[in-house]
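Readers should treat all values here as calculations from the given coordinates under stated rules, not as data from a laboratory. From a predicted model like this one, the values you see are computed outputs, not experimental measurements. Glycine also receives a Cβ, built like all others from the backbone with ideal geometry; neighbour counts cover every protein chain displayed.
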Amino acid sequence: MKRPPNFNRVARIYAPMEKLTFGPWLWRCRCCFIRELKTQRSGLVLGDGDGRFTANLLEENPLVLVDAVDASVEMLHKLRLNAGLRSARVRVHLADARAWVPEGSAYDLIATHFFLDCLTTAEVAELARRIRAQASADAVWVVSEFTIPDNWFGWLVAGPLVRALYLAFFVLTGLRVQRLPQYREAMAEAGWARIKEQRLLAGLLVGELWRAQ
Ligand SMILES: C[S@@+](CC[C@H](N)C(=O)[O-])C[C@H]1O[C@@H](n2cnc3c(N)ncnc32)[C@H](O)[C@@H]1O
């Protein structure tokens, strides 16, 4: 297994960089199903980064406890700061999510925002199978991802943009993956069913809600 990318260098500038390049859109994408996450009690957020989504989740759902996994110590530091007093409901795990074995009981909420794109299709497949085994029967999984629509916008804009983002993250973090994984197929084969999706920015971004089958 190759080393995970090193996001320590970008942890401080990650949020401002995001706002500068995508304005509010990545944030809207992460939060498009947040209202449907009010009853869950045991959350697992993989590749949580600076934890802005987790902070929002803790605010919207006052009873949820979260396991947050990330390979970057600096990102996890930011996550604790962003969660503020609510960080008492978060357990942070500095780990490679591809190899991390949860100690906890069945998760009823899994979240991966702009994280699956750091993995290969085979890695997503393995992860989705492992997480399915750790999830409750009624678990939901929220996904945010970049996509390349199969139309002129995809060929002329989204495709080149995604390639440029991969190149930038290769330079900044050493991310080896250079193409979007076929995560939908991988998740479906692992026992997850997509029940909702919301497309943003002409289909460049997608927010999805999946349920354990
Ligand atoms: C593109 S950032 C997304 C962060 C956050 N989820 C968001 O929505 O902004 C990817 C995050 O995944 C983490 N990451 C990448 N590969 C990882 C791995 N194999 N195991 C754990 N964390 C990983 C990085 O450290 C980084 O914080």
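Quick notes
- Sole exception among (1) on the phi > 0 side of the Ramachandran plot; (2) within 11 Å of the ligand (Cβ to nearest atom) for MET75, by number: (1)
- In the range 163-180, residue farthest from ARG129 (Cα to Cα) [restricted to those that are more than 12 Å from the ligand (Cβ to nearest atom) and either among the aromatic types (Phe, Trp, Tyr) or touching a residue at least 40 places away in the same chain (Cβ under 8 Å) (or both)]: PHE170
- Filter result (surrounded by fewer than 24 Cβ atoms within 10 Å (Cβ to Cβ) and more than 8 Å from the ligand (Cβ to nearest atom)) within the range 111-122: THR120, THR121, ALA122
- Number of positions in the range 1-38 that are of a type in the set (Val, Ile, Thr), in contact (Cβ under 8 Å) with a residue 24 or more places away in the chain and away from the ligand (no atom under 12 Å from the Cβ): 1
- When the range 184-203 is limited to residues that are outside any strand (DSSP E or B) and either touching a Lys or Arg at 6+ places or on another chain (Cβ under 6 Å) or in contact (Cβ under 8 Å) with a residue 60 or more places away in the chain (or both), the one that is farthest from ARG132 (Cα to Cα) turns out to be LEU201.
- Unmet requirement for GLN134, which otherwise passes all of (1) more than 14 Å from the ligand (Cβ to nearest atom); (2) of a type in the set (S, T, N, Q); (3) crowded, with 22+ Cβ neighbours inside 10 Å: (3)
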